[in-house]
Amino acid sequence: MGSSTISLGLGLGGGKSATSSGSPGGGGAFANVLSLNFDGTNDALDLGATFQSTFTSAFSVSLWYKQDSATGARTLFGVRKAATDVVTAYINANAIFVWYEANNRKQQSSFPETSDTNWHHFCVTVQQDGLYVDVKLYLDGVYRKLIRGGGAIADYTNTANLFIGARNYADGTIDSYFSGLIDEVGIFSTALSDDGISIDADAGGVIAEIYNDGVPTTMPTDDLVSNYRMGDGIGDTESGGGAPANGDSVGTIVDQGDGGNNGTQSTASARPTFSSTVPS
């Protein structure tokens, strides 16, 4: 598969209240039958430069992933401005690495990640705690790591685009492509709650609600900025404009969050494809 970049052109606001039991904004009961398949060579979702304003205050990123292999660096999401302003999470050497940096004040660490090819849920939360920036990492509903370092979230100035499935640099370089499936991405303008649990304990609060014992469910809408259902969203289409199905190339990915931030294909040479393999 060739290069694929879906531009989501995010214009960020606050959260959106749910209006139905399905996708935020309406649409009936929740159903998850499709995910996005990334080829590990040059597929990526471009979430747009305007998204970066969210990274100057508390935020969270939640997604489901299923890797094809356990070799090399495989980015879940990432953006980097040289080595000064970075938000990225990637898998390498059977560990998940998270690197958050604002104005040369780095918080970077990792925790062991199974090398299997099963579905997993990953979530990272970032918030200011006095003079420190706290970065919390969760895998499959378990609080796995706290990274605490000095600095201020408000100092983050990177305006390069955040990518899903690859790491994007301010100079236009893209690397560390993910090979496998990604589904149900949620981006929040708050650090999601876990009910104050200790490390290696099962999360409570919103983290537990999203994990839902390993079965995706309706995304909580408080402070939800953007939600990408990877084929199951209202208005999602395949490249020909029709309803997406297994094996189809991506056309449009519609933001089910605060509205108007739809994903469109910016290059026609190749695209991620829809897959009927989903977490369950």
- Looking at this structure, is A49 of a type in the set (A, V, I, L, M, F, W, C), at pLDDT below 75, over 25 Å from I174 (Cα atoms) and out of contact with any strand residue (DSSP E or B) (no Cβ under 6 Å at 6 or more places or on another chain)? no
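Table: residues versus (1) over 17 Å from the mean Cα position of the chain (by Cα); (2) of a type in the set (V, I, T).
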| position | (1), (2) |
| --- | --- |
| T173 | yes, yes |
| I182 | no, yes |
| G205 | yes, no |
| D213 | yes, no |
| M219 | no, no |
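Of T117, T75, T54, which residue is crowded, with 19+ Cβ neighbours inside 10 Å, under 27 Å from R229 (Cα atoms) and modelled with pLDDT of 85 or more?
T75 is the lone residue from the list that is crowded, with 19+ Cβ neighbours inside 10 Å, under 27 Å from R229 (Cα atoms) and modelled with pLDDT of 85 or more.
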- Looking at segment 138-165, which of its residues are at pLDDT below 85 and closer than 23 Å to S69 by Cβ? F163
- Answer yes if at least one residue in segment 151-174 is surrounded by fewer than 16 Cβ atoms within 10 Å (Cβ to Cβ), under 22 Å from V225 (Cβ atoms) and of a type in the set (S, T, Y), and no otherwise. yes
- Query: Does segment 123-133 contain any residue that is on the phi > 0 side of the Ramachandran plot, of a type outside the set (D, E, K, R) and at pLDDT below 90?
  - Reply: yes
- Hits in segment 257-279 - residues which are modelled with pLDDT of 90 or more and out of contact with any Leu (no Cβ under 8 Å at 6 or more places or on another chain): P279
- Answer yes or no as to whether L192 is in a loop (DSSP other than H, G, I, E, B), in contact with a strand residue (DSSP E or B) (Cβ under 6 Å, 6 or more places away or on another chain), surrounded by 21 or more Cβ atoms within 10 Å (Cβ to Cβ) and modelled with pLDDT of 90 or more. yes
- Message: Pull out all pairs, ordered by first then second residue, where Cβ-Cβ is under 8 Å, the residues are six or more apart or on different chains, the first lies in segment 142-166 and is of a type in the set (D, E), and the second is assigned to a strand (DSSP E or B).
- Response: D155/A102; D155/R105
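The values are calculated or read from the model by the stated rules, or taken from the named source; none is laboratory data. Computed from a prediction, not measured in an experiment: that's the story for all the values here. All Cβ positions, glycine included, derive from the backbone under ideal geometry; neighbour counts span all protein chains shown.
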